[in-house]
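Let me begin by presenting the structure, written as structure tokens, before commenting on it.
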Amino acid sequence: MTGPAIKGVLFDLDGTLLDHRGAADAAIASWAAGRFPGHPRLAEVPALWAALEEPYLAMWRAGRCTVGEQRRLRLSALCAELDVPAPGDLDAAYGEFLVRYRRSCRAFPDAADAVAELAGFALGVLTNGGQRAQEAKVRAIGLEGKVGPVLTGEVLAGRFKPDPEAYTRAAAALGLAPQEVLLVGDDVVKDVTGPAATGMRSVWLDRLDAGGGPEGFPRITSLAGLAPLLRS
């Protein structure tokens, strides 16, 4: 890895440190089964919920709705897809999902050891969710106080990945220049090619070993490969 010495590492959260998809799938499946027992499309609910996630989060990041509004809209859209009445109290219903989600949150098995191996580096989490929700996730997976500050657009002047300002402001939060920071994450655009515009280096975490990522960027299939990569 060429360039100035790496002094800090930023981790993406969902799909990198936290098995977000596994937690969300389990939570929404349990929620739907409790709300609509015997519904013929229960098996489809996790995929339907996953497909609705990014469009509504993008609306919130663009300032077109509040966090609460995007949650209500998303839950209503799921119910419409299933052709069932939306709950009368959408906030309470989403709260039920959140309880199940947090109970299901798990760090990937390689996360804690990978973080521990980076003693001496400035660490942080750069993620696109809401600040309180992302901090709660880090607590839920046992990494609070171990992985540095949780940095979201809410504390980065409204800048979310892949906005270049998100990366430069995150580096500054670690007291470093972008060229001194490495970002590791699973999203090719937000975590790999996006940082390059600022001079920040990045590593693609390809947990599914799918291959076919962007040329010129290191690829690892487990966070266990991160420390050896940095040493090289």
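The values are calculated or read from the model by the stated rules, or taken from the named source; none is laboratory data. All values reported here derive from a predicted model rather than from experimental measurement. All Cβ positions, glycine included, derive from the backbone under ideal geometry; neighbour counts span all protein chains shown. Just the protein is used for accessible areas: all its heavy atoms, side chains included, with ligands, DNA and RNA removed. Shrake-Rupley method; radii C 1.70, N 1.55, O 1.52, S 1.80 Å.
Some points to look at:
- Residue, farthest from the chain's Cα centre (by Cα), within the stretch 96-109, restricted to residues that are among the basic types (Lys, Arg) and surrounded by fewer than 17 Cβ atoms within 10 Å (Cβ to Cβ): Arg103
- Residues of the stretch 132-188 that are touching a Cys at 6+ places or on another chain (Cβ under 9 Å) and closer than 22 Å to Thr66 by Cβ: Ala136, Lys137.
- For the stretch 187-195, the count of residues that are over 21 Å from Pro109 (Cβ atoms), hydroxyl-bearing (Ser, Thr, Tyr), open to solvent by 30 Å² or more (accessible area, probe 1.4 Å) and touching a Phe, Trp or Tyr at 6+ places or on another chain (Cβ under 8 Å) is nonzero.
- When residues in the stretch 146-161 are screened for being more than 15 Å from Asp14 (Cα to Cα), open to solvent by 20 Å² or more (accessible area, probe 1.4 Å) and under 18 Å from the mean Cα position of the chain (by Cα), 7 of them pass.
- Cβ-Cβ distances below 9 Å connect the following pairs, each with a first residue in the stretch 161-179 that is under 18 Å from Gly3 (Cα atoms), a second residue that is polar (S, T, N, Q), and a separation of six or more residues or different chains: Tyr167/Thr198; Thr168/Thr198; Ala171/Gln179; Ala171/Thr198; Ala177/Thr168; Pro178/Thr168; Pro178/Thr198; Gln179/Thr198.
- Test for Arg207: is it surrounded by fewer than 19 Cβ atoms within 10 Å (Cβ to Cβ), in contact (Cβ under 8 Å) with a residue 60 or more places away in the chain and either farther than 22 Å from Ala114 by Cα or of a type in the set (Lys, Arg) (or both): yes
- Residue that is nearest to Arg207 (Cα to Cα), among those in the stretch 110-122 that are in contact with a helix residue (DSSP H, G or I) (Cβ under 9 Å, 6 or more places away or on another chain) and open to solvent by 20 Å² or more (accessible area, probe 1.4 Å): Asp110
- Selection within the stretch 207-232 - small (Gly, Ala, Ser), more than 16 Å from Asp191 (Cβ to Cβ) and outside any loop (DSSP other than H, G, I, E, B): Ala224, Ala227
- Total residues in the stretch 69-95 satisfying the condition of being open to solvent by 40 Å² or more (accessible area, probe 1.4 Å), under 19 Å from Gly38 (Cα atoms) and either acidic (Asp, Glu) or part of a helix (DSSP H, G or I) (or both): the figure is 3.
- Number of the exception - Val67 against (1) among the β-branched types (Val, Ile, Thr); (2) modelled with pLDDT under 95; (3) closer than 16 Å to Gly22 by Cβ: (3)
- The residue list Gly130, Gly175 contains one member that is at pLDDT below 95, of a type outside the set (D, E, K, R) and farther than 30 Å from Asp209 by Cβ, which is Gly130.
- Unmet criterion (only one of (1) over 22 Å from Val155 (Cα atoms); (2) surrounded by 15 or more Cβ atoms within 10 Å (Cβ to Cβ)) for Ala170: (1)
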